[in-house]
Every structure is written in structure tokens, then in C-alpha cells.
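The values are calculated or read from the model by the stated rules, or taken from the named source; none is laboratory data. Small disclaimer: the values here were computed from a predicted structure and weren't measured. All Cβ positions, glycine included, derive from the backbone under ideal geometry; neighbour counts span all protein chains shown.
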Amino acid sequence: MSAPHCKPPRLMENSLDISFELLTMAIFGLFLAVLAGAGVWYFRLRMLGDATSEIADLAGRARGAYRRNKFRKLAEGATLAAIDDPALAAAVLLYALANEGPQNLDKSQAEIRAQLSAVVPAEDLEELLSYAQWAARDVVDPRDAVRRFKPLWREKLTADERLHLIGMAEAVVAQSGAGGGSQKLTLEALRGALAS
């Protein structure tokens, strides 16, 4: 005899309901894990991209600074390289020397005018002085001007004119009142460059 309450249990139907819910939860959990992993990698790649763009920006700024410095040096060199008149070259050197002792710049400029008025025609003097004063602002070290103009002076000046140029430079240094080491070194370089 069978007992009325002994029906075979419906295990299969219940297990399907439970397994479908578990499967749904597992798929949903897997989906969330993949989504979270993708989010983490997205932010890591984004941070890497930001770091890369910052490095590229830094490299670009460094390259720009290098190019500006190179162009500035070329522009300075071009100003002096365009000078082919020994009197103008002398005026640039004298103004560069005067700029080394700025405390008595007015006296030095008056001395430059007096020295050059003896060798430059009166009608050309103002233009020559203006250009020389402008060009001398780009000269960082007067010894650079000596090195640049040395071949011009050696080619176009006589021995007496070279000695006169040295005397002009000494007079400007004396008027500047500084007589600093830089001016003395420039005078020595000038004497060496113009020595016969």
C-alpha cells in the first residue's frame, strides 16, 4: 500500500527553477566583473595616455626652447656678419665695450662719438653710430665682436689704423671708469687680434 502523502517529489521542476536563477545571477555577476575590469583598464590606459601627452608636451617645449635659442644665436650672428665696413665694426666694438661699464655710459658714448668723428665723414656719422649702438645690444661678450671682426680689420686696416683702433678702445674703457676684468680681457684680445 502506498501512503497518500508519499508522492514522488517534483525535484526536477524545482531544480530547474533554482538553476535558472543561479545561472542568471552568475551571468549577471560575470557581466559586472567584465564591466568593472574594462573600467579599470580604461582608466589605466587613460592615465597612460595623459602621461604620454605630458611627456610629448615637455619634449615639444624643450625642442621649441632649443630652436628659439638657435635662432637667437643665428640672428645675433647675422647682425654682425652683415657688417663689412671696418669703421662700423669698430663702432660696434666700442659700444659693446661701453656697455660693459654702464655706470658712465654717457661719457663713454661721448668718447665714442669723438673718436669716430675723426675717421667717419660727418654726413655718415649719425647713421653709423645709431646702427652700431643697435647692433651692440646683441653682443653678449665684446670678445665675440673682436673674433668676428678680426679678419675684416686685418684685411682692410693698415698697421697704423689698427693701432688707432686699439687706442680708441682704450679711450672708451678709460671713460667708462669701470676698467673691469671683461674690458681688460677684451682689450687684450683686440691687441692680440690686430698684432702685426
Residue that is at negative phi, loosely packed, with under 14 Cβ neighbours inside 10 Å and either hydrophobic (A, V, I, L, M, F, W, C) or not assigned by TED's automatic domain parsing to the domain that holds Asn99 (or both), where the choices are Ala195, Ala136, Ala132, Ala145: Ala195
For the stretch 90-108, indicate whether the set of residues that are more than 18 Å from Val172 (Cβ to Cβ), in contact (Cβ under 8 Å) with a residue 40 or more places away in the chain and not hydroxyl-bearing (Ser, Thr, Tyr) is non-empty. no
Looking at Leu157, is it surrounded by 16 or more Cβ atoms within 10 Å (Cβ to Cβ) and within 36 Å of the chain's Cα centre (by Cα)? no
Quick test for you: out of Glu111, Glu123, Glu127, pick the one residue that is in contact (Cβ under 8 Å) with a residue 40 or more places away in the chain, assigned by TED's automatic domain parsing to the domain that holds Phe149, of a type in the set (Asp, Glu) and part of a helix (DSSP H, G or I). Glu111
Filter result for Leu80 (assigned to a helix (DSSP H, G or I), surrounded by 10 or more Cβ atoms within 10 Å (Cβ to Cβ) and touching a Lys or Arg at 6+ places or on another chain (Cβ under 7 Å)): yes
Within the stretch 140-157, residues being among the aliphatic types (A, V, I, L, M) and touching a Leu at 6+ places or on another chain (Cβ under 9 Å) number 3
Hey, Ala118 closer than 25 Å to Lys184 by Cα, of a type in the set (Gly, Ala, Ser) and either loosely packed, with under 13 Cβ neighbours inside 10 Å or not assigned by TED's automatic domain parsing to the domain that holds Met168 (or both) or not: yes
